[in-house]
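Okay, so here's the structure we're looking at.
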Amino acid sequence: MLLHNVSLKPYNTFGIDATAARFMPLTAIEQLAALPSAPPYYLLGGGSNILLTQNIGEDKIVIHNQLKGITTVAEDSESVVINVVAGENWHQWVCHAIDKGWCGIENLALIPGTVGAAPIQNIGAYGCEVADVIESVFYWNFNTQSIESLTAADCQFGYRYSVFKRMPADNKVLITSVNFKLYKNKQPNVSYNALTDYFKAHQVDSPTVRQVADAVIAIRQSKLPNPAITGNAGSFFKNPVISLAHYQRLIAHYPNMPAYPSAEQMKVPAGWLIETIGYKGYKKGNAGVHSKQALVLVNYGGATGAELLSLAKEIQQKVYAQFEIALETEVQIW
Ligand code: FAD
Ligand code: NAP
């Protein structure tokens, strides 16, 4: 079923009011087989990692993934392999796993969006990445008009990266489901500083998966704007990874600059860079930088995608001028 001139406002967490000339709610795989292979598609999940900067015209079809289902593929005394269909809500899947006592995705609680989008940028938080628990990814290939799959190794997962991220906005593949391997008797990973501090403060020595998820939810709710109230798409920029030589030059000027080793290089929190140029809490028209986390750009109500993009560019220029670091957007610009 193809709908016409649909407002995308309810379908993106920035709450940007743009329209799609052609919009297809995807509720069954068979609908994909009926589509021509050539025209460009915009593939939409929860809309929590996109910025709409224009109306989407007749030349494209926005496919809104509403495919659902959770099935057990394999199970033994130690682990389970679960197939989760791509249109399932990510946080609801995390809650399902926690109810079952399965370990592996509790640190990724409360990330908005769909299961199908999770492998694309290899979602990560609080010391874990989804790549840690993915066995394989299934996708519809618009060119071959069939379902194909990649093992986790073939997905080339990296920091907020996978082989799927290389595909342009008019994607040629649509992720249809993901196989996750979770564990029944594993200790959750609480090595991330914010979690270690949380459990020390709450005097919990060996937290359960549910306690870890609850901690992650509490920490996130204390820092991040709720998209239902204030439009945002989480971290707008990726944390940059810089060479050791570049890091040495910067730390000489900014001894308090936080940084974490990443392979042979150093990862610098982009939020700290934005705070240091004085933009934390900055407001420009209806767009702004969140007052508790400078990495999050927000729509205070009625902002256009162009306004937010202009603010993002201003930040990129200032950060580059001061640190010679080119911030890359994590959010996909449509
Ligand atoms: P969408 O925004 O709908 O799409 C994102 C991109 O993926 C688009 O290019 C789209 O075309 C493509 N896409 C979507 N579904 C498919 C599919 N089935 N097949 C092929 N391509 C597809 N991210 C993190 O990594 N860690 C976090 O901790 C985190 N916290 C966040 C907190 C908040 C408050 C918000 C608003 C966002 C946060 N994010 C975080 C970003 C975002 O939630 C994730 O990137 C999420 O996986 C996006 O899912 P989505 O379904 O909303 O994707
Ligand atoms: P934070 O704890 O204040 O830390 C700031 C940054 O430092 C993070 O981005 C994190 O990088 C890095 N960091 C902190 N401790 C680290 C460690 N021990 N080892 C390596 N890197 C470390 O961050 P926050 O803003 O409150 O976010 C908490 C977590 O949620 C982070 O993992 C963040 O990625 C995730 N998050 C992501 C989004 C998004 O949209 N992508 C939005 C909100 C929160 P990493 O980002 O690599 O972890």
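Coordinate-derived values only; no laboratory data. Fair warning: this is a prediction, and the values are worked out from it, not measured in the lab. With ideal geometry, Cβ positions are generated from the backbone for all residues, glycine too; neighbour counts draw on all protein chains shown.
Name the aspartates and glutamates eligible as straight-distance cross-link partners of K283: C-alpha to C-alpha under 19 Å, and not fewer than 8 places from it in the same chain.
E275, E307, E314
Which net charge results for the neighbourhood of Y159, defined as the other residues with beta-carbon distances under 12 angstrom from its beta-carbon, given Lys and Arg at +1 and Asp and Glu at -1?
+1
What percent do you get for the relative contact order of segment 53-160 when only Cα pairs under 8 Å and 6+ apart count? Intermediate values should be presented prior to the final figure.
Working: 134 pairs, mean separation 18.1, N = 108.
Reported as a whole number, the value is 17 percent.
Among DSSP bridges having both ends in segment 24-147, what percentage is antiparallel? Round to the nearest 5. Intermediate values should be presented prior to the final figure.
Details: 10 of 17 bridges.
Beta bridges within segment 24-147, antiparallel portion: roughly 60 percent.
Determine the shape class of segment 15-67: with a ≥ b ≥ c the square roots of the Cα gyration tensor eigenvalues, call it rounded for a/c under 1.5, and otherwise prolate if a/b is greater than b/c, oblate otherwise.
Numbers: a/c = 2.43, a/b = 1.41, b/c = 1.72.
Because a/c hits 1.5 or more and a/b fails to exceed b/c, segment 15-67 counts as oblate.
Could you size up the charge dipole of segment 177-334 around its Cα centre, putting +1 on the beta carbon of Lys and Arg and -1 on that of Asp and Glu, and report it in debye to the nearest 20? Let's see the in-between values first.
On the way: 16 positive and 10 negative charges, 60 e Å.
The calculated dipole for segment 177-334 is roughly 300 debye.
Stokes-Einstein at 25 °C, 0.890 mPa s, Kirkwood radius from Cα pairs: D for the chain in µm² s⁻¹?
Details: Rh = 21.1 Å.
It comes out at roughly 116 µm²/s.
Rounded, prolate or oblate: which fits segment 195-316, taking a ≥ b ≥ c as square roots of the Cα gyration tensor eigenvalues, rounded meaning a/c under 1.5, else prolate when a/b beats b/c? Don't skip to the end; give the middle numbers.
Numbers: a/c = 2.39, a/b = 1.10, b/c = 2.17.
Oblate, since a/c reaches 1.5 and b/c is not below a/b.
Within segment 105-166, report the trypsin sites (Lys or Arg not before Pro) that DSSP leaves as loop and that have at most 14 other Cβ atoms within 10 Å.
On the way: sites: R160, K165, R166; in loops: R160.
Filter output for segment 105-166: empty list.
List the lysines whose Cα sits under 21 Å from the Cα of K186, skipping any in the same chain fewer than 8 residues away.
List returned: K100, K200.
With the cut-off at 1.5 for a/c, could you classify segment 244-334 from its C-alpha gyration tensor as rounded, prolate or oblate?
Judged from the Cα gyration tensor, segment 244-334 comes out prolate (a/c at least 1.5, a/b above b/c).
Highest first, please rank the peptides 223-234, 172-183, 248-259 by the mean number of other Cβ atoms sitting within 10 Å of their residues.
Details: 223-234: 17.6, 172-183: 20.8, 248-259: 12.7.
Result, highest mean first: 172-183, 223-234, 248-259.
Going Cα to Cα from K223, which lysines come in below 16 Å? Please leave out same-chain ones fewer than 8 positions away.
Within the straight-line limit of under 16 Å, K223 reaches these lysines: K280, K292.
Quick one: compute the contact order of the chain, relative version, from alpha carbon pairs under 8 angstrom and 6+ residues apart, as a percent. Could the numbers behind the result be given before it?
Details: 691 pairs, mean separation 57.1, N = 334.
Contact order relative to length: 17 percent.
Can I get the semi-axes of segment 84-161's equivalent ellipsoid? Compute them from the C-alpha gyration tensor as square roots of 5 times the eigenvalues, in angstrom, largest first.
Numbers: eigenvalues 98, 42, 24 Å².
Whole-Å semi-axes of the equivalent ellipsoid: 22, 15, 11.
Quick one: grab Rg to one decimal and Dmax as a whole number for segment 1-94, Cα atoms only, in Å.
Final numbers for Rg and Dmax: 16.0, 52 Å.
Relative contact order of segment 234-313: what whole-number percent is it, with Cα pairs under 8 angstrom and at least 6 residues apart?
On the way: 114 pairs, mean separation 20.1, N = 80.
25 percent.
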